[in-house]
Amino acid sequence: MTRRTRITLKVVVWAGCLAPLLLLGYRAWTDDLGANPISFVTNTLGDWTLRILLASLAMTPLRIVFGLSWPITLRRLLGLFAFAYVCLHFSVWIVLDFFFDWPRMWADIVKRPYITLGMLALLSLTPLAATSTTGMIRRLGARTWTRLHRLVYIAGACAVLHYLWLAKVGVTDPYWYAGALLVLLGIRAGDWSRRAIRRRTAAVAASATSARLIDRKRFSP
């Protein structure tokens with residue numbers, strides 16, 4: 001992939017991820033946020049958090065299924081946008097819903113399990129955003145960094161369950177998101193399984209080869 005293509009793809013992602021915020025700002029400016037503006041803003045930011053997070057989780061499956069390399073270059077950017085959106089979603093909840101009333105917020109977290117799941121999603125994404133730079137990969141080491149960034153699957157599961165739990169009866173969107181997450185996780189699980197089988201097969205073959213070489217040396221005149 002050429003440098004120009006990479007830049008073009010990232011510009012498209014930037015535009016696509018910023019567009020919902022610009023539209024939300026325009027609707028606020030024109031007083032078009034509905035009868036409950038706080039709820040509308042909170043829900044819109046939450047919806048886009050989940051959409052962008054699922055998009056970031058889809059990048060590796062796209063490479064696995066179709067053999068494409070370019071999605072991997074967008075994975076980190078999409079993940080950072082998902083983190084930005086969840087921070088905005090959380091900030092609206094703190095500032096506009098509760099006006100920094102920490103005891104009442106804590107009581108709400110304890111009382112409503114779906115809020116606990118939302119908090120877990122935010123907490124899972126925070127170390128991923130903090131360690132998303134190339135420098136942090138070098139500091140942590142590739143293996144440790146990879147293990148840490150598996151938290152994204154926990155974040156995705158918590159976000160989907162958060163939405164499923166709070167959705168009203170008859171709302172189907174969270175089920176579509178849950179289905180998409182299950183498909184993406186299934187593709188990753190299948191890939192992990194195939195690679196594990198290949199590693200075991202290679203290890204057995206290497207062990208058998210070593211045993212044959214030892215036998216030859218042992219019985220050679």
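Summary of computed values
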item: Segment 36-64, subset within 19 Å of residue 89 (Cα to Cα) and of a type in the set (A, V, I, L, M), residue surrounded by the fewest Cβ atoms within 10 Å (Cβ to Cβ); result: 38
item: Some residue of segment 16-37 being closer than 30 Å to residue 189 by Cβ and in contact (Cβ under 8 Å) with a residue 12 or more places away in the chain; result: yes
item: Where residue 33 falls short, out of the listed (1) in contact with a Lys or Arg (Cβ under 9 Å, 6 or more places away or on another chain); (2) farther than 26 Å from residue 10 by Cα; (3) part of a helix (DSSP H, G or I); result: (3)
item: Of residues in segment 125-157 being more than 15 Å from the chain's Cα centre (by Cα) and in a loop (DSSP other than H, G, I, E, B), the one nearest to residue 178 (Cα to Cα); result: 133
item: Considering residues of segment 51-98 that are under 14 Å from the mean Cα position of the chain (by Cα) and basic (Lys, Arg) only, the residue modelled with the highest pLDDT; result: 51
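Residue-wise test of (1) loosely packed, with under 15 Cβ neighbours inside 10 Å; (2) free of Cβ contacts under 8 Å to residues at least 12 places away in the same chain; (3) aromatic (Phe, Trp, Tyr).
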position	(1), (2), (3)
93	no, no, yes
99	yes, yes, yes
104	yes, yes, no
111	yes, yes, no
128	no, no, no
140	no, yes, no
154	yes, no, no
159	no, no, no
170	yes, yes, no
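The values are calculated or read from the model by the stated rules, or taken from the named source; none is laboratory data. Everything numeric in this text was worked out from a predicted model, so none of it was measured. Note: ideal-geometry Cβ built from the backbone for every residue, glycine included; neighbour counts use all protein chains shown.
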